[in-house]
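Asker: Below: one structure in structure tokens.
The values are calculated or read from the model by the stated rules, or taken from the named source; none is laboratory data. What you see is a predicted model; the values in this text were computed from it and never measured. Using ideal geometry, Cβ is built from the backbone for each residue, glycine included, and neighbour counts are taken over all protein chains shown. Protein only, heavy atoms only, side chains kept; ligands, DNA and RNA dropped before computing areas. Shrake-Rupley method; radii C 1.70, N 1.55, O 1.52, S 1.80 Å.
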Amino acid sequence: MNATPEADWLNLLIGLLQGAQLQLLRVLDALGLARHMHGQPAWPWAHRLSGENLLIDLGQARSLAWTLVCVGVAVLLLLVALVWRRPRWYLLALVPMLLIVAPWPHANVVLVPATPTSFQASPTGFAAASIAQGRVLYAQHCVSCHGADGKGEGPLAASLAMWPPNLTGPLLWRRADGDLLWRVLHGTATMPGFGGALDAADAWALIDYMKAQGAGQSLRALGHWPQPVGLPDMAVRCGAQAPRSLAHWRGQRVRVVAGTVAPSEDPRLVTVQLLPPASDAAGVTADCVADSPAAWEALALIAGTDQLAGMQLIADRDGWLRVRGLPGQPGWSDDDLLCRSDSPPAASAKGAVLPLDGLGALIARMDAEPVRFVKGGFIH
């Protein structure tokens, strides 16, 4: 999203659209009025509100914002009329006037087709084990059409009426995760559904793998991650403590160092040493260690490389992968920030003096420029 003066209020508007629909679905579910599908409440209507078109047509976005203000004032007048009897009829007369003068936006801009799973969220946590499961399923069901690299050039692609979409582009990030789930299980106009062969858990794993694969292919082609990708969750052992999920440190910056050489600790980061498959963890001296082969494969996939050893990957406080350090590089530079944000710097970081060391400068920039992107028409 561009760093424009409209960004703040537009983010708020789109966030309100999402929050209102989610709360409505929760209320319907609590009242027993929403059926369940794949273990989560199903959206009962054929359309939903979307913010993606509002980013393109700011005029319609402003119309919607003012319309919501008018509707809000009309509701407030109705509430006041209930308790304040003397001017009741004057207040009630203002309500239809407000609704008439409100600049209602075009329905085809605000409303988009919905599926029953549009508001469903993945239960996997983008875990390395889920990505590994998705890799197997992709090889079984998808590679013949979408190709091993996801670019839509599989051995059967040329025989289809329409070439499969390129999964390494922005397609997976533009659509809501729940809509992706629906398309995998129930198909599209050009792709059959796999609901007979896959259950919802399989479909979520497949989506995780396709995201990881798309991130790696984009990094290979462009040299950066054009769409945000999360740090895969994995089991981490710290000293003699029981293994914990990497998501336990959400809210802190996390650095994953791949290889057998113990990394130096840094108080600004939670450092995790990721061991390669079949390595011996007995002599490892790092404070926190992950030794899952699935985690190694997942990070190699996202980093777009077969040579993961020695690489460092840093995620911000929200869990987005932002920085990659190549094996053997002498220091950090601005070029290592591979996931950049067009958002305005955070207010708390304006005027701050960046540390002199390269890593400190990258950390300060990550904190000052949080990732904000639109998925399925909503700001994340």
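Asker: Report, in debye and to the nearest 20, how large the dipole of region 187-315 comes out about its Cα centre when Lys and Arg carry +1 and Asp and Glu carry -1 on their Cβ.
Answerer: Computed charge dipole of region 187-315: roughly 400 debye.
Asker: Something else now. Of ARG365, ARG340, ARG86, ARG48, which has the most accessible area with a 1.4 Å probe, and how do the rest follow in descending order?
Answerer: ARG86, ARG340, ARG365, ARG48
Asker: Here's another thing I want to ask about it. What's the magnitude of the charge dipole for the chain around its Cα centre, counting Lys and Arg as +1 and Asp and Glu as -1 at the beta-carbon? Answer in Debye, nearest 20.
Answerer: About 1340 debye.
Asker: Please list log₁₀ I(q)/I(0) at q = 0.29 Å⁻¹ for region 270-316, using the Debye equation with identical point scatterers on the alpha-carbon positions.
Answerer: Per q value, in the given order, log10 I(q)/I(0) is -1.27.
Asker: Report the gain in length on full extension from ASP280 to HIS47: 0.36 nm times residue separation, minus Cα-Cα distance, nm rounded to one decimal.
Answerer: 78.5 nm
Asker: What are the ³J(HN,Hα) couplings of region 150-158, residue after residue, when phi is run through the Karplus curve with 6.51, -1.76, 1.60 and θ = phi - 60°? Round to Hz, x for glycine and proline.
Answerer: Rounded to whole hertz, the list is x, 8, x, 10, x, x, 9, 4, 5.
Asker: Tell me, what is the 1.4 Å probe accessible area of ARG244, in Å² to the nearest 10?
Answerer: 70 Å²
Asker: Can you give the relative contact order of the chain as a percent, counting alpha carbon pairs under 8 Å and 6+ residues apart?
Answerer: 16 percent
Asker: Probe radius 1.4 Å, ligands and nucleic acids ignored: give me the carbon and sulfur share of the accessible area of the chain as a rounded percent.
Answerer: 60 percent
Asker: Let me ask something else about it. Put +1 on the Cβ of every Lys and Arg and -1 on every Asp and Glu Cβ in region 142-231; which of SER218, LEU206, SER159 then has its Cα farthest towards the positive end of the dipole?
Answerer: Farthest along the dipole direction, towards plus: SER218.
Asker: For the chain, what is the accessible area per residue in Å² when the probe is 1.4 Å?
Answerer: In whole numbers, the chain has 50 Å² accessible per residue.
Asker: Report the equivalent ellipsoid semi-axes for the chain in whole Å, largest first, defined as the square roots of five times the eigenvalues of the gyration tensor built from alpha carbon atoms.
Answerer: Over the Cα atoms of the chain, the ellipsoid semi-axes are 42, 28, 20 Å.
Asker: Express in nm, to one decimal, how much length is gained between VAL136 and ALA262 on full extension, taking 0.36 nm for each residue of separation and deducting their alpha carbon distance.
Answerer: 42.2 nm
Asker: Please give the FRET efficiency for SER333 paired with TRP9, using the beta carbon to beta carbon distance and R0 = 22 Å, rounded to the nearest 0.05.
Answerer: Calculated transfer efficiency: 0.05.
Asker: State, to one decimal in nm, how far the label point of ALA20 lies from the label point of TYR90, with both points 7 Å from Cα in the Cβ direction.
Answerer: Using points 7 Å along Cα→Cβ, the separation is 2.9 nm.
Asker: Rounded to the nearest 5, what is the percent of antiparallel bridges among the DSSP beta bridges in the chain?
Answerer: 70 percent
Asker: If you count only protein heavy atoms and use a 1.4 Å probe, how large is the accessible surface of TRP84, to the nearest 10 Å²?
Answerer: TRP84 exposes around 150 Å² with every protein chain in place.
Asker: Related question: At q = 0.20 Å⁻¹, what is the log10 ratio I(q)/I(0) for region 291-343, with the Debye formula run over Cα points and no solvent?
Answerer: Log-scaled intensity ratios, in q order: -0.78.
Asker: Roll a 1.4 Å probe over the protein heavy atoms and report the accessible area of ASP287 in Å², nearest 10.
Answerer: Accessible surface of ASP287 is approximately 90 Å².
Asker: Turning to a different aspect of this structure: With angles folded into 0 to 90 degrees, how steeply does helix 200-222 sit against the dominant principal axis of the chain? Use alpha carbons for both and round to 10.
Answerer: 70 degrees
Asker: 222 nm [θ] for the chain, helices only, -39500 (n - 2.57) per DSSP H run of 4+, per residue, to 500?
Answerer: My calculation for the chain gives -12500 deg cm²/dmol from helical runs alone.
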